[in-house]
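Quick notes on the structure that follows.
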Amino acid sequence: MSVNPSLMYALALHSLAKEEGQLKELKDILLDFCAQLDIHPRLKTLLATPNIKEDEKEKIIESVTTPYKSSLFTNGLKLIVKQHRILYFKDIVNEYVKLADESLRILHGFIYSKFPLSEKEVQSIEEAVTIRIGTTVKLENKEDPSILGGIKVVIGDQIFDGTLDNKLEQLKKQLRQRKVDSRNEN
């Protein structure tokens, strides 16, 4: 059976962060550093280069991780670099985020709408759904041109359908039922 190496690193980081009560803090740091690697791809290349000695790479890591003030992150990054896994850093972060969100009881889902929603609109919907279901929700907006209007929120197997399409369908059902009821009365 093959084991996903990115998941193994994520599990180790998750376990340590959980023990130290740093799940969210480490998640935020990992996401930020991942974004920094996207902005500065030469850093990732530098850390992956076999021609640079390990102790020099450790000095580079020390300098780039200083602002984060997390020995867990710094030591984790050193291990990832030492074991030649820096090219998989984004995969490790993605796996960690899934694990951390599960531990932090954060659910992920989608908002389907005809047009893109603003960040403020998405945040407002996240807050409303969080209150309704009683756990934190993070939603990603997806455009669906087939929707006439309104939104549909999908979180796992839960669907909150506030689309115009759904409202029209409900109205049709009510009208059909009234028609059947009035025939039965006669």
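Every read-out reported here was derived from the displayed coordinates using simple, explicitly stated rules and does not represent laboratory data. Predicted, not measured: the structure shown is a model, and the values here were computed from it. Cβ coordinates were reconstructed from backbone atoms using ideal geometry, including for glycine residues, and neighbour counts include every protein chain displayed.
The spread of Cα positions in the chain, taken along each principal axis and listed from longest to shortest, comes to 91, 37, 32 Å. Enter the angle in degrees (range 0 to 90, nearest 10) between the Cα long axis of helix 71-82 and the first principal axis of the Cα atoms of the chain, meaning the one along which they spread out most. With rounding to tens, the tilt is 70 degrees.
The shape of the stretch 1-65 can be summarised by an equivalent ellipsoid whose semi-axes, obtained from the alpha carbon gyration tensor, come to 23, 17, 13 Å from longest to shortest. In this structure, TYR88 and LEU175 have a Cβ-Cβ separation that, at R0 = 41 Å, corresponds to a calculated FRET efficiency of about 0.15. Coupling constants for the stretch 128-133 follow from the phi torsions by the Karplus curve (6.51 cos²θ - 1.76 cosθ + 1.60, θ = phi - 60°), and in residue order they are 5, 5, 4, 5, 5, 9 Hz; glycine and proline get x.
Residues TYR9, TYR96, TYR88, arranged from fewest to most other Cβ atoms within 10 angstrom of their Cβ, appear as TYR88, TYR9, TYR96. Farthest toward the positive end of the dipole of the chain, out of GLY21, ILE60, ASN4, is the Cα of ASN4, where the dipole comes from beta carbon charges about the Cα centre. Rank LYS69, LYS173, LYS120 by mean-square fluctuation in a GNM of the chain with C-alpha springs under 10 angstrom and give only the top-ranked residue. For the chain, modelled as a Gaussian network with Cα springs under 10 Å, the answer is LYS173. Each Cα pair under 8 Å and six or more residues apart adds its sequence gap; the mean of these over the residue count of the chain is a relative contact order of 20 percent. The reciprocal of the average 1/r between distinct C-alpha atoms defines the Kirkwood hydrodynamic radius, which for the stretch 104-185 equals 14.2 Å.
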